[in-house]
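Report on the structure given below.
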Amino acid sequence: MRRLIETGKKMKRRSNLHALATVLVPAFLGTLALSSPASGPQQEQTTLRIDVNLVNVLCTVQSRQGQFVTDLNRQDFRIEEDGVKQSITHFSREVALPLTLGILIDTSPSVQDILPLEQRAAVEFLRTVLKKNDLAMIMNFDRSVSLIQDFTNSLDLLEKAVGLLAIGGGTSLHDAVFLACDEKLRHESGRKAIVLISDGGDTTSKLKIREAIESAQRADTVIYAISNQIGGFYRRAYGNSGALKKYSRATGGTAFFPNRPQKFRRAFDAIENELRSQYLLTYQSSNQKRDGSYRSIKMRLPNKKGLRVKARKGYYARSS
C-alpha cells in the first residue's frame, strides 16, 4: 500500500523539531530519532529513548450555543482510559503550538462542477490559518492518490499545487486517508490535522474505512471532513455522509455538510476557529502494558454543566 502515492518527488521523512518534544510524545512511539540533513555521504543520528507511556489529547469545549470555551483549567477536566481515571501531567490552553496540516481533495468525475469552488475555498483557508511555523501538504484522490505538494510553509507553492488539481476516474477515499496518515503525518510531531473534502463515497480503495481510521489514530491526527454535495451542483448515489462522520468522530474532529457555496466557505472558517481554540492535555497511562492494543479515552467536565467536550475516542498503545 505504501506505493499508492504518485508524486514526481521522492517522499522524504522530515524530523520535525518545531514542537515541544519533551512533552508531545505519542503513546505508540518507542523512540524519537532526532536527525539533521547530512552534509556528506555519512549521516550521524542520535536516538533518544523514552520509557514513559505519555498520551496526548487535543480537545475543544463548546457551550450549548456552539461557542468555544477557552478559559478552563486543568482541574475542570477528567480523563478516563478504559474506564480508569488518569492523572493529567500537562495542561495548556496555548494555541500557538505549530500545526501540521494535510489538505485531501476529492477529484473524482462527479465533482467537476464544484472543483473550482473547492480550490478557491482551500486557498482562502490556507491563507488565513497557516502561520509562520505551520506546515501543510496538498493531496488529491480519484482512482489513485497523489501527493501534489509535500509539507511546506510556502503559500505560493501550496496555492500553485491547489491550482494543479485535475479530474480523474474513480474514488479512493480510504486509501487517501490511510496514506496521508501512514506515509506522512505519522512522522510529524505537534498538532496534526487533515481537512478532507469529499462526499464520503468510495469506489476504488484497496483498504477499508476501519484501516484508514486506525491509521489516523496511530498518527494522532484529527480529521475535519467537509461534504462537497452542495445544493444542485451534483447528487451522487454512492455518496456516504456516514463515512465522513465516522472519520471525524473517531479522531475528535468535525464533519460539515454545507448546502450552498456560502456555507461551504463557512465550514473552513469553523475549522480555523476550532484549530485555534484547542486544549492540550497529557497523561501517563496507568496501563503500562506494551501490547499494541486499542485504549478508549473518555474526556469529562464533571463540574461544568452545559458544556460539551470533544476529543479523540482512543489510541493504540505501544508494542514491545
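The values are calculated or read from the model by the stated rules, or taken from the named source; none is laboratory data. Computed from a prediction, not measured in an experiment: that's the story for all the values here. We place every Cβ from the backbone using ideal geometry, glycine too, and count neighbours over all the protein chains shown.
Overview of results
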| item | result |
| --- | --- |
| Residue within the range 235-244 that is in contact with a Gly (Cβ under 8 Å, 6 or more places away or on another chain) and either closer than 17 Å to Q119 by Cα or hydrophobic (A, V, I, L, M, F, W, C) (or both) present | yes |
| T152 vs. criteria over 23 Å from G242 (Cα atoms), of a type outside the set (G, A, S) and free of Cβ contacts under 8 Å to residues at least 24 places away in the same chain | yes |
| Only one of R191, R235 that is within 30 Å of R74 (Cα to Cα) and modelled with pLDDT under 95 | R191 |
| Of residues in the range 116-133 being among the basic types (K, R) and not in a helix (DSSP H, G or I), the one nearest to Y224 (Cα to Cα) | K131 |
| Subset of the range 168-206 [surrounded by fewer than 21 Cβ atoms within 10 Å (Cβ to Cβ) and in a loop (DSSP other than H, G, I, E, B)] | G168, G169, G170, G201, T203, T204, K206 |
| Filter result (crowded, with 21+ Cβ neighbours inside 10 Å and at pLDDT 90 or above) within the range 249-265 | T251, G252, G253, A255 |
| Residue that is nearest to the chain's Cα centre (by Cα) [pool: residues in the range 82-115 that are among the hydrophobic types (A, V, I, L, M, F, W, C) and part of a strand (DSSP E or B)] | L101 |
| Among residues of the range 243-297, those that are over 13 Å from the mean Cα position of the chain (by Cα) and outside any helix (DSSP H, G or I), counted | 27 |
| Failed item in (1) surrounded by fewer than 18 Cβ atoms within 10 Å (Cβ to Cβ); (2) at pLDDT below 95, with F268 passing the rest | (1) |
| Among residues of the range 70-117, those that are over 30 Å from S172 (Cβ atoms), of a type in the set (G, A, S) and either surrounded by 14 or more Cβ atoms within 10 Å (Cβ to Cβ) or modelled with pLDDT of 90 or more (or both), counted | 3 |
| Contacts under 9 angstrom Cβ, first residue in the range 192-214 being over 10 Å from A243 (Cβ atoms) and in contact (Cβ under 8 Å) with a residue 24 or more places away in the chain, partner aromatic (F, W, Y) and assigned to a loop (DSSP other than H, G, I, E, B), 6 or more apart | T203/Y238 |
| Among the candidates L126, L165, residue that is closer than 26 Å to N56 by Cβ and crowded, with 19+ Cβ neighbours inside 10 Å | L126 |
| Of all residues in the range 129-162 being among the small types (G, A, S) and closer than 19 Å to S198 by Cβ, the one that is surrounded by the fewest Cβ atoms within 10 Å (Cβ to Cβ) | S144 |
| Pairs, first more than 16 Å from R266 (Cα to Cα) in the range 111-132, second of a type in the set (D, E, K, R) and modelled with pLDDT under 90, C-beta under 8 Å, six or more apart | V111/E118; V111/D199 |
| Number of positions in the range 188-211 that are farther than 18 Å from N140 by Cβ, hydroxyl-bearing (S, T, Y) and in contact with a Ser or Thr (Cβ under 6 Å, 6 or more places away or on another chain) | 0 |
| Scan of the range 155-188 for residues that are of a type in the set (D, E, K, R) and in contact (Cβ under 8 Å) with a residue 40 or more places away in the chain, ordered by number | D175, D182, E183, K184, E188 |
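Yes/no per residue for (1) in contact with a helix residue (DSSP H, G or I) (Cβ under 8 Å, 6 or more places away or on another chain); (2) closer than 27 Å to S227 by Cα; (3) not hydroxyl-bearing (S, T, Y):
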site: K246; (1), (2), (3): yes, yes, yes
site: A250; (1), (2), (3): yes, yes, yes
site: A255; (1), (2), (3): yes, yes, yes
site: P261; (1), (2), (3): yes, yes, yes
site: F264; (1), (2), (3): yes, yes, yes
site: N273; (1), (2), (3): no, yes, yes
site: Q284; (1), (2), (3): no, no, yes
